[in-house]
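Take a look at the structure set out below.
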There are 2 protein chains.
Amino acid sequence: MPKPAKPSAKREAILDAAQRAFLEEGYAATSMDGVATGASVSKATIYAHFESKEQLFAAVMHRGCDSSFALVPPDESADARTALTVTAQRLMALLMAPKALALYRVVVAEASRSPDLARTYYENGPVRGKAAITAVIALLQRRGELAPAADAGTITDQLIGMLRAETFQRALLGLPDGRSLEDTIAAMVETLVQRFGGTAPR
Amino acid sequence: MPKPAKPSAKREAILDAAQRAFLEEGYAATSMDGVATGASVSKATIYAHFESKEQLFAAVMHRGCDSSFALVPPDESADARTALTVTAQRLMALLMAPKALALYRVVVAEASRSPDLARTYYENGPVRGKAAITAVIALLQRRGELAPAADAGTITDQLIGMLRAETFQRALLGLPDGRSLEDTIAAMVETLVQRFGGTAPR
DNA sequence: GTCTATAGAAAGATAGAC
DNA sequence: GTCTATCTTTCTATAGAC
């Protein structure tokens, strides 16, 4: 009966070691022996808690997708440029965290073999992140700082897209930084403000 | 002496089967037995041509990165909106091809263990693609259809970023399409034209 | 639940005949 | 170069004692 998700010291150690291994090596290259050693536990103990390697992977990854993407909204009084800049900085801090990058790599790699995982990741990561940013954009629109020329969701997609263009992709591939993150953010803010700026200085 | 890259029927069959396997299963989950079967060849024959699984992987993937990303430029006479739209459509056709997606997944997954591969991919894919699009942007700037407010490289990054935002990410994760590609392209074109449009109608 | 020990299958790589 | 057969290691998973 390896079902109950009761917290237990060994169980947590197994999950932690497994997460480290799966994120670093990927699913196929991770061995149960390695996880056992990493958790200072015998292999049999792992199988007392999890039915199979596949289920251990699912448990670990779904847990990783939940531990969440809290995007703190900018101060209400901030003007458009400030709000967009702060939002961008916080989003990039989330996306560029080593663990977030590793999680993304594994989810993408296993997407075809673990569709549930891909969906869970998407709903908890990108979808939540987009919702948080859309709220910021919508607020700026209501205040007349951004024109309602396009709906908030579209603007948000463009914002996120422009941010992930260079820096994120290079990080994902393990390549050294190209242009600076600050420059990318500033260019993005400028484009959105010039495009959708309402009453703001022109 | 498994070095000479002499073309040979069996050698090509091995490379083809290996490519199929690596792109579908990933590096670790691909077995040499599977490749041998897929190529209708014995395992020993593979080792007569390639020193190890790792070298076979490198050969296959580098070949895949070369077989290239030719981005045909739009007609010289096209105006900004048309040129940007056509360029976007052609770029997305390249990025969304199933093989291109599979290649990207594997390169990302193995980036930390195969830095050379990541670099090769980046130079042959994203870098070439960006160069091609930057040339288009620069031409539009010289013709006065786009303002030189930002350098062509920055505009190109924003263009690519906005395109890859939603559709590409969902495809990468194997999720069904969200908003339509046409809408994404149209919104991107509008943003860039409104932001950088020079003498064009405003 | 937790361990040691091991079963049983599959992996990467090679020997040797042709 | 190409094959069959095999070596050796490593893997997932389990049996059985405690």
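Points to keep in mind about this one:
- Every condition in (1) more than 10 Å from every other protein chain (Cβ to nearest Cβ); (2) part of a helix (DSSP H, G or I); (3) modelled with pLDDT under 95 holds for residue A:177 except the one numbered (2).
- Screening residue B:20 on (1) away from DNA strand D (no atom under 16 Å from the Cβ); (2) in contact (Cβ under 8 Å) with a residue 40 or more places away in the chain; (3) out of contact with any Lys or Arg (no Cβ under 8 Å at 6 or more places or on another chain) shows it passes everything except condition (2).
- Residues in the stretch A:110-124 that are crowded, with 20+ Cβ neighbours inside 10 Å and small (Gly, Ala, Ser): A:111, A:114, A:118.
- Inspection of the stretch A:40-54 finds a residue satisfying the criterion of being within 13 Å of DNA strand D (Cβ to nearest atom), free of Cβ contacts under 8 Å to residues at least 12 places away in the same chain and of a type in the set (Lys, Arg).
- When B:82, B:87, B:156 are checked against the criterion of being under 27 Å from residue A:100 (Cβ atoms) and either without any contact (Cβ under 8 Å) to a residue 12 or more places away in the chain or not charged (D, E, K, R) (or both), a single residue qualifies: B:156.
- Criterion applied to A:29, A:48 was being in a helix (DSSP H, G or I) and either under 27 Å from the mean Cα position of the chain (by Cα) or away from chain B (no Cβ under 14 Å) (or both), and the one residue passing it is A:48.
- Note on the stretch A:54-81: residues that are out of contact with any Asp or Glu (no Cβ under 7 Å at 6 or more places or on another chain) and either within 12 Å of DNA strand C (Cβ to nearest atom) or not in a helix (DSSP H, G or I) (or both) total 12.
- Residue within the stretch A:133-141 that is assigned by TED's automatic domain parsing to the domain that holds residue A:73 and in contact with a Lys or Arg (Cβ under 7 Å, 6 or more places away or on another chain) present: no
- Residue check for residue A:58: at pLDDT 95 or above, in the same structural domain as residue A:190 (by TED's automatic domain parsing) and surrounded by 14 or more Cβ atoms within 10 Å (Cβ to Cβ): no
- Test: residue in the stretch A:153-165 that is charged (D, E, K, R) and surrounded by 17 or more Cβ atoms within 10 Å (Cβ to Cβ): yes
The values are calculated or read from the model by the stated rules, or taken from the named source; none is laboratory data. Keep in mind it's a predicted model, so treat the numbers as computed, not measured. Heads up, the Cβs are rebuilt from the backbone with ideal geometry, glycines too, and the neighbour counts pull from every protein chain shown.
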